[in-house]
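Undergrad: Structure provided below as structure tokens; questions to follow.
Rule-based calculations on the coordinates, nothing more; no lab input. Note that the structure is predicted; figures quoted are calculated from it, not measured. Counting neighbours? That spans all protein chains shown, and the Cβs are built from the backbone with ideal geometry, glycine included.
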């Protein structure tokens, strides 16, 4: 139980910067120093726009993609995720958080010497589906998992 | 330049497992300081991983990668004595590279 | 045996058609009947869990509300009272029925006496070990927390008692609330060469290295037995994260499968998981992970007489849960033939302290550890007119007492108290001592808070906690009970989804206004900010309240109006 939760949750949201979406992210985005960074994809506010800007067409949910993550986040500011693809010729793995202000969080382009397994840690504003998006032979596949962000306390 | 990364690279059964902890604020640009002013965005946008001198992976990141980012991946091949190097660039143009031997 | 007990036994036994112990000599026979558990097979595991630092015999009332939703409805552990007895074939109005259910609690508690106590537990363990050479004693955790003495010694009294009891392997939950350094200190010093702490799901936050051994392999009568540890997956969420800042937990089902496979690869003929998941989580895990012979579970404090048998891709897995507060010992006997488990027997033995002699050595240790605290613990604060207990999904009479104290002492409109499942029971007419209060409140983050809170925030908190209890997917549950609520009324539909369970919120018959700010008192905040802000420990507030009242009338429980629970076997009035 945590009575100061609403306040602290706000604090957390402020801390992670995921609250206050009325503020346009674009206003505060830096000048892009690197042409390679896909600004349009990272700025996109809907899944459809993310997919469009990444050139993703009709991704299919696949059991060959595994998204490993805790069901409940221990800390919304640090949520470990791991994606493993069993699909041959996997060349790219991305992580998307549906309910974050901008959904695309990380995209990994894998060279031929890589195993199709990557892990990182994400910030999540609230309980949300997280998507692992895999590209193999030009086609896209997904695995989706709901990760719960909770107030905590009260257990046991 | 930022602070050094921690890199661990271990070879086992023909696979090199790499774990990296970077040191970076990963500011989203949406957070306010105690005075109520927005803190400007500052986050890593690009990451490159090499085994010896060969690029094995390139990544693009957004604001929602967690502070002091973690990166884990596996390379086919690699053996003790090889070198793994990681470099990042952030949204301000700052960059950093670190390397570690494969154990 | 006094006349009252005698008369009761007479009527109870005749009603059940049982043989009668007619005099004190035959009471011995009652003990024989209860504890003469014939050995079976060649590998035996003794299991205790969630004793919550109760070194001495206590009363403990089982819940009359333990609702299961979705696929969990109306199956173990979500059965109470008559439905429980019927499901497990326990004869009503017997000693066993009293051990497993709340039914007619005051009457049978007066008759059968206190339960648990490490001195009595020790003599039962010795008795069981005498017939089961090589048996392993497994402790599922929540051992070091739950009493004043444990808190003041940072768990040392329990560490010493567990070593003397002969615990072989344990896993963790509330232990972690003494901080990760203290846990490591005990693991590396006190327990070295005595007790192995195992946890496949505690890793470092930096590179994900295991903090403890994921499992230990022990030879039992020449059979290799692997005991895998599963600590409480949501420790940094349900309890303060700062106490385990460098550790990460989680269910880690994939790693559990890898660990099972590794243990089998190392030659284990029997693989068991010593789990602090909670029973619903264990049942789901058993259906998905292959190669586990049994999950010996705790956390949810369910005293379940016979195992659930769960089918999965690799065969069948037994799932047990061994109650709480030192009240039970689980005895799992395996017959291992041709390299695998061929058959089993399971018993959950209640520890009735007046049927088991106190082990002298353990009694002496307990007396020694308690000595510095006796006078403080023994202070009589007030007398209780009613039964005071905690367990139940929505409220308990001791929690109601805490809520009443919070509202009175903090001049609050609303009070919240955590849905902990530990905490003992006090019989009507008994004094409420400082020890009793600490048995309900002794935690390392005991601060009382008073927070202005909008109606919308109150709703958000209730919904959030309710989802931890009633999410239809057990992997999203945390295993505690619902936050206890004082001052305001509400309704709850456990079968609804997140955000839609709580309704009809009123204060003094007026609807709670989403935008209005209310004064809300509570305790046990999990944030660092709350720790740094300090605040009076809850036990001091409750003790002050009790001293001023002197006599405590049976509290009237503030319970939500429940919806969509008709026919649910997890609820009885």
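Undergrad: Just to be sure I understand the model, the point goes 7 Å from the Cα along the line to the Cβ. What's the resulting residue B:55 to residue C:531 distance in nm?
TA: For the pair residue B:55/residue C:531, the computed spacing is 4.4 nm.
Undergrad: While we're on this one: What does DSSP give for the stretch C:189-314 in terms of the percent of beta bridges that are antiparallel, rounded to the nearest 5?
TA: Percentage antiparallel, nearest 5: 45.
Undergrad: Only bridges with both residues in the protein assembly as shown count here: give the DSSP antiparallel percent, nearest 5.
TA: Of the beta bridges lying entirely in the protein assembly as shown, close to 80 percent run antiparallel.
Undergrad: In addition: With each pseudo-label sitting 7 Å past Cα toward Cβ, what's the residue B:87-residue C:564 distance in nm, one decimal?
TA: Output for this residue pair reads 5.7 nm.
Undergrad: When the chain is fully extended, how far beyond the present Cα-Cα distance does residue A:61 get from residue A:86, taking 0.36 nm per residue of separation?
TA: Once the chain is fully extended between residue A:61 and residue A:86, it gains 7.7 nm.
Undergrad: Per residue, what volume in Å³ does the Cα convex hull of the stretch A:84-156 take up?
TA: So the per-residue hull volume is 106 Å³.
Undergrad: Let me ask another. Would you mind ranking A:123, B:19 by Cβ crowding within 10 Å, fewest neighbours first?
TA: Least crowded to most crowded, the residues run B:19, A:123.
Undergrad: May I pose another question? Report the rotationally averaged projected area of the stretch C:196-292 based on its alpha-carbon convex hull, in square nanometres.
TA: Taking a quarter of the hull surface, the average projection is 6.4 nm².
Undergrad: Still on this structure, I have one more. Give the residues of the stretch C:65-108 whose amide nitrogen is closer than 17 Å to a point set 7 Å from the Cα of residue C:554 in the direction of its Cβ.
TA: C:65, C:102-108
Undergrad: Looking only at other chains, what is the average number of their beta-carbon atoms within 10 angstrom of each beta-carbon in A:67-80?
TA: Mean shielding count: 6.
Undergrad: Which order do C:49, A:120, C:506, C:153 fall in if you start with the one that has the fewest other Cβ atoms within 10 Å?
TA: C:506, C:153, A:120, C:49
Undergrad: Quick one: of the DSSP bridges fully inside chain C, what percent are antiparallel, nearest 5?
TA: In chain C, approximately 65 percent of DSSP beta bridges are antiparallel ones.
Undergrad: Once you put a point 7 Å from the Cα of residue B:33 and another 7 Å from the Cα of residue C:181, both along the Cβ direction, what distance in nm separates them?
TA: Modelled inter-label distance: 3.3 nm.
Undergrad: Just want the ordering: C:175, C:181, from fewest to most Cβ atoms lying within 10 Å of their own Cβ.
TA: The order, fewest Cβ neighbours first, is C:181, C:175.
Undergrad: From other protein chains only, count the Cβ atoms within 10 Å of every residue's Cβ in C:524-537, then give the mean.
TA: Rounded to a whole number, the mean comes out at 3.
Undergrad: Could you work out the equivalent-ellipsoid semi-axes for chain C, taking the square root of 5 times each eigenvalue of the Cα gyration tensor, largest first, in whole Å?
TA: Ellipsoid semi-axes (Å, largest first): 35, 29, 24.
Undergrad: Convert 37 °C to kelvin, take the viscosity as 0.692 mPa s, use the Kirkwood radius over C-alpha pairs of the protein assembly as shown as Rh, and evaluate the Stokes-Einstein diffusion coefficient in µm²/s, rounded to a whole number.
TA: Once the numbers are plugged in, D ends up at 116 µm²/s.
Undergrad: For the stretch C:433-573, what size does the Cα cloud have along each of its three principal axes, sorted from largest down, in whole Å?
TA: Computed over the stretch C:433-573, the largest-to-smallest principal extents equal 41, 36, 35 Å.
Undergrad: Oh, and also: Can you order the peptides C:421-430, C:192-201 by their average number of other Cβ atoms within 10 Å per residue, highest first?
TA: In descending order of packing, they fall as C:421-430, C:192-201.
Undergrad: Mind checking A:101-107 for the average number of partner chain beta-carbons within 10 Å of each residue's beta-carbon?
TA: Shielding by partners across A:101-107 averages 5.
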